[in-house]
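These notes are about the structure you will find just below.
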Amino acid sequence: MNDRFITVMGIVLLITAILQYYHYTRMAIINLAVDEDTDITNNASVAMLMLMPMLFLMKNRIQKWITFFVCLFFILSSAKRGNILAAVIPSVLFVFSMFKDSRRSMMKMVLVLVVIVAGSIMTYRWIVNNDYLMHRIEKTQEGDASGRDRIYAAAWHAWLDSDNFANLLLGRGFDGTVGLESTNHHRAHNDWLEVLVDYGLLGVVLYLAVFIALFLQVRRIESFEMKMAFLSGLLIWFFKTLYSMGFTSETLAVAMISMGTALGWYKTERNLA
């Protein structure tokens, strides 16, 4: 996991994510053309979201900025509210890290400030001119949760009202929510409810233990860049558990590349010390 690997992997993953995004867009258009029931929002932007923690591992500043703005563009274009909300975390940390990295040079700090201001203005203008994204924002303000409130209630009662103690403690098994008519055979779109139905109370305790163990590792990582990479990936994952799907999403593996690299670097440095 050296600098060259991160550079090449960052380029490969970004190009792959872009191709996937346009593939999903094309498939959505085809499904709409044949009157199939489909969601016109593009969830492929989650790959861009999971790629953002790698920004902190990249050494080339130009690659960092290009990757950041490309990811941000596609995340906003998709109009997936959950992905947009989760992208705030790595975006704020990234801007903070760039300011921190350039504070010793007035020229670099001015350039960073110019890029951020120009990027912010362009992003704002693009958002207000995107009718579909503005429509999604208005629906959110009106309390539209895309049916999540009904699915949450159905998943919760499917676990709580079960008269089988084994279901309460151990759950119904993998994808237990999909087998329920009350959820309309959909996953819970919330990791904690999904785990509760699938793996019971024991599963929730174990899943919580994973996050506690990982958050305890954050303070032990001394390198600022590695700490930010690990923390941003962990926070993205945690926020996704609240209103979407985290551990059941295959794209979480992309964030794990950055998190694993940061954690592995800390372990290696500790052993060498």
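Tabulated data for the structure shown
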item	result
Members of the stretch 177-201 that are farther than 17 Å from residue 241 by Cα and either under 25 Å from the mean Cα position of the chain (by Cα) or surrounded by 12 or more Cβ atoms within 10 Å (Cβ to Cβ) (or both)	178, 179, 180, 182, 183, 184, 185
Every pair of residues 6+ apart whose Cβ atoms lie under 8 Å, when the first sits in the stretch 10-30 and is of a type in the set (Val, Ile, Thr) while the second is surrounded by fewer than 18 Cβ atoms within 10 Å (Cβ to Cβ)	11/63; 18/70
Cross-chain or 6+ apart pairs with Cβ under 6 Å, the stretch 162-190 first and farther than 19 Å from residue 202 by Cβ and at pLDDT below 80, then surrounded by 15 or more Cβ atoms within 10 Å (Cβ to Cβ) and among the hydroxyl-bearing types (Ser, Thr, Tyr)	183/177; 187/177
Flag for residue 205 being under 20 Å from residue 255 (Cβ atoms) and surrounded by fewer than 20 Cβ atoms within 10 Å (Cβ to Cβ)	no
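The values are calculated or read from the model by the stated rules, or taken from the named source; none is laboratory data. These numbers were taken from a predicted model, which means no experiment stands behind them. Reconstructed Cβ throughout: ideal geometry from the backbone, glycine too, with neighbour counts over all protein chains shown.
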